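Laboratory data are not the source of any read-out in this text; all were calculated from the coordinates shown. Not measured: the values here are computed from a predicted model. Note that we place each Cβ from the backbone using ideal geometry, even for glycine, and neighbour counts take in every protein chain shown.
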Amino acid sequence: MEDSMRGKAHKYGKNVDTDVIIPGKYCNIIDPVELGKHALEGLDPEYTAKMKTGDIIVADTNFGCGSSREVAPIAIKGSGTSAVIAKSFARIFYRNALNIGLPIFESEAAVDGIANGDEIEVRPATGTIVNHTKGEQYQAAEFPPFMRSLIDAGGLVPYVEKRLAQAKG
Amino acid sequence: MGMTLTEKILARHSGQDRVEPGQIINAKVDLVLANELSAAVAIGVMRGIKGADRVFDSSRIALVEDHFVPAKDAQSAKLAKLMKDFAIEQNIEHFFDVGRGGIEHVVLPEEGLIAPGELIVGGDSHTCTYGAFGAFATGMGSTDIAAAFVLGEVWLKVPGSIKLVYNGNLGHMVYAKDLMLRTVGELGIDGATYRAIEYHGTTVDELSITGRITMANMAIEAGAKNGIFHADAKTIAYVKERTSRNFVVEGADADAVYERVVTIDVDSLEPQVACPHTPDNVHPISEVAADNVNVDQVFIGSCTNGYIEDLRVVAKILEGKKIASNLRVIVNPGSQKVWMQAAQEGILTTLAGAGCVVNTPGCGACFGGHMGTLGDGERAISTTNRNYVGRMGSPKAEVFLASPATCAASALTGKITDPRVLELAGV
């Protein structure tokens, strides 16, 4: 994961569900770039046309509610979106985002402070969110220690590999 | 201080005397489930894990072809084949191809793969359905499922529990679906996020297994990690008919600690409808029907309401009648076994005779995949569990969620209809 990412904010409301993040009809696609072409299509069909690589989705509460489809965060990442900032995330989406390496930030202050189109920089290692347009800085909620250790280890796959190696002695 | 039912199961599966909300645990899983969509991604992840050549136990994995099957197109066929090849390669005991299974959550209990006290994770958000049997069951994404395939364990944060207490008797033509829609309306779609829902009360004690399945199925619609009932004599009889393996029936302690207790009075409850575009936008049928809401499609089926008991209710309402003109009614029995039972009881003939089309078991229509997709400007009433924008197809379509009885009544009139009023009118 990069040290920092920077892009324009695209702001949406609460309860952005997985059916609008990647509509069911695309769930038979596995390729991240192909999926990325349809990211947020059910909510904002213009999203992939207007966004540039590095841009950031900013949303209210309960982002990613609904289905367990891992292709939801994969589509967002595949579109070139660098991160999602929300007041809160739905449970399965939260796990999935961490597992596939889509940086997510939980911060009420950031969501309230950021306007659509603001230039935003995020630093996953520290949870820092910088609003260059407004000259403000926000701090995302810290990840619980176990999740931080998973992230620092490079995700769930290296964790599983370590467990397997231990089991084989 | 005692433990909730969820905490009891999580403690035993993580080898501890007790666990507390917020604690991170490693828990052993009794069964890992995937369908061809979640499996395709999970298998790809598993192939990338060094040292992970085999699944942890080929008898503890269930793979069900159900989302885009019979294959909608070549791409869907590729995913179905990918999972089938994996099942053969890994010698997966519980692999259900088209014609041998149906919708995963209908199939697994039918096949005796779910028992009280067990811990099940699945690559589908409606895995929480198995809470109907007193099991802890939760949905996860494909990477977590790949890890569970290999380790036979998952990491979990112990959820705090919300106790829901239902008192009173269900009125005529009021069903478990109405109870659960009312519940989701009450809690809100993020009202139980990161929480366990524990169902209590005299009303749910009286519910059939199917009714409990319908309610546990929609726990995720309030954002819950799992929804769970206590296993009782009905549960044990159902499970023992289908499996001979041993299981441990757990129960919440009398002094268990709940984050919230919500009491729902059932006596005055009328049939409920979730209006577009969230499952918590719930209103009583009298309000919704008063608006004269015409529909283009009625859908009956899914892991929420695709059971024989549901089809019997629908057949009773449609028997000897014709569905409204300018309307299509699509029925998906939830599994091959439900389909065969419905055939034997003459239900399929009744439904086809009324003008319904009876499809093969599967998830297609519910998530806008295939076999019942809505077009721009169309409106459906459906027995499924979600009605987000674009859920059943076009983002310009509308989906109303209701019970099989309300959907069947609406099929006769072509508009959203109170099944009790229809009956009184003798239509």
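Structure values in brief
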quantity: Lone unmet requirement of (1) among the hydroxyl-bearing types (Ser, Thr, Tyr); (2) within 14 Å of chain A (Cβ to nearest Cβ); (3) closer than 14 Å to B:VAL295 by Cβ for B:SER394; calculated: (3)
quantity: Hits in region B:285-309 - residues which are more than 18 Å from B:ARG386 (Cα to Cα) and either assigned to a helix (DSSP H, G or I) or of a type in the set (Val, Ile, Thr) (or both); calculated: B:SER286, B:GLU287, B:ALA289, B:VAL293, B:ILE308, B:GLU309
quantity: A:ALA110 vs. criteria within 18 Å of A:GLY7 (Cα to Cα) and free of Cβ contacts under 8 Å to residues at least 60 places away in the same chain; calculated: yes
quantity: When residues of region A:125-160 are limited to those that are part of a helix (DSSP H, G or I) and in contact (Cβ under 8 Å) with a residue 24 or more places away in the chain, the one nearest to the other protein chains (Cβ to nearest Cβ); calculated: A:LEU156
quantity: Pairs with Cβ under 7 Å, 6+ apart, first in region B:129-148 and within 10 Å of chain A (Cβ to nearest Cβ), second among the basic types (Lys, Arg); calculated: B:THR138/B:LYS225; B:MET140/A:ARG95; B:GLY141/A:ARG95; B:ASP144/A:ARG95
quantity: Given (1) on the phi > 0 side of the Ramachandran plot; (2) within 11 Å of chain A (Cβ to nearest Cβ), number of the condition B:GLY99 does not satisfy; calculated: (2)
quantity: Selection within region B:319-364 - surrounded by fewer than 19 Cβ atoms within 10 Å (Cβ to Cβ) and assigned to a strand (DSSP E or B); calculated: B:ARG328, B:VAL357
quantity: Filtered residues of region B:374-386 (kept if surrounded by fewer than 24 Cβ atoms within 10 Å (Cβ to Cβ) and within 14 Å of chain A (Cβ to nearest Cβ)); calculated: B:GLY375, B:ASP376
quantity: Unmet requirement for A:ARG163, which otherwise passes all of (1) in a helix (DSSP H, G or I); (2) among the charged types (D, E, K, R); (3) farther than 25 Å from B:ASN35 by Cα; (4) more than 8 Å from chain B (Cβ to nearest Cβ); calculated: (4)
quantity: Restricting region A:49-81 to residues that are more than 9 Å from chain B (Cβ to nearest Cβ) and among the aliphatic types (A, V, I, L, M), the residue that is nearest to A:PRO23 (Cα to Cα); calculated: A:ALA75
quantity: B:ILE103 being β-branched (Val, Ile, Thr) and within 19 Å of B:ALA148 (Cα to Cα); calculated: no
quantity: Test: B:ALA27 is within 30 Å of B:GLY101 (Cβ to Cβ), part of a strand (DSSP E or B) and either out of contact with any Asp or Glu (no Cβ under 6 Å at 6 or more places or on another chain) or without any contact (Cβ under 8 Å) to a residue 60 or more places away in the chain (or both); calculated: yes
quantity: Filter result for A:GLU46 (within 14 Å of chain B (Cβ to nearest Cβ), out of contact with any Lys or Arg (no Cβ under 9 Å at 6 or more places or on another chain), under 19 Å from B:ALA39 (Cα atoms) and surrounded by fewer than 18 Cβ atoms within 10 Å (Cβ to Cβ)); calculated: no
quantity: Of all residues making up region B:245-256, the number that are over 24 Å from the mean Cα position of the chain (by Cα) and surrounded by 16 or more Cβ atoms within 10 Å (Cβ to Cβ); calculated: 1
quantity: Selection count, region B:211-230, where residues are surrounded by fewer than 21 Cβ atoms within 10 Å (Cβ to Cβ) and either within 14 Å of chain A (Cβ to nearest Cβ) or under 16 Å from the mean Cα position of the chain (by Cα) (or both); calculated: 0
quantity: Scan of region B:152-164 for residues that are farther than 26 Å from A:CYS27 by Cβ and either touching a helix residue (DSSP H, G or I) at 6+ places or on another chain (Cβ under 7 Å) or within 10 Å of another protein chain (Cβ to nearest Cβ) (or both), ordered by number; calculated: B:GLU153, B:LYS157, B:VAL158, B:PRO159, B:SER161, B:LEU164
quantity: Qualifying residue in region B:153-173 (condition: part of a helix (DSSP H, G or I) and under 26 Å from B:PRO404 (Cα atoms)); calculated: no
quantity: Pair list, Cβ < 7 Å and 6+ apart or interchain, from region A:1-30 residues that are free of Cβ contacts under 8 Å to residues at least 40 places away in the same chain to residues that are assigned to a helix (DSSP H, G or I) and surrounded by fewer than 20 Cβ atoms within 10 Å (Cβ to Cβ); calculated: A:ASN28/B:GLN75
quantity: Residue under evaluation B:LYS81, criteria (1) crowded, with 24+ Cβ neighbours inside 10 Å; (2) in a helix (DSSP H, G or I), criterion not met; calculated: (1)
quantity: Restricting region B:243-256 to residues that are in contact with a Pro (Cβ under 8 Å, 6 or more places away or on another chain) and not aromatic (Phe, Trp, Tyr), the residue that is nearest to the other protein chains (Cβ to nearest Cβ); calculated: B:GLU250
quantity: Top-ranked residue of region B:44-84 - restricted to ones that are within 11 Å of chain A (Cβ to nearest Cβ) and among the acidic types (Asp, Glu), ranked as nearest to B:LYS28 (Cα to Cα); calculated: B:ASP53
quantity: Exclusive hit being basic (Lys, Arg), out of contact with any strand residue (DSSP E or B) (no Cβ under 7 Å at 6 or more places or on another chain) and more than 8 Å from chain B (Cβ to nearest Cβ), set A:LYS25, A:LYS8, A:LYS37; calculated: A:LYS37
quantity: Number of the exception - B:SER286 against (1) more than 23 Å from the chain's Cα centre (by Cα); (2) among the polar types (S, T, N, Q); (3) closer than 29 Å to B:ALA196 by Cβ; calculated: (3)
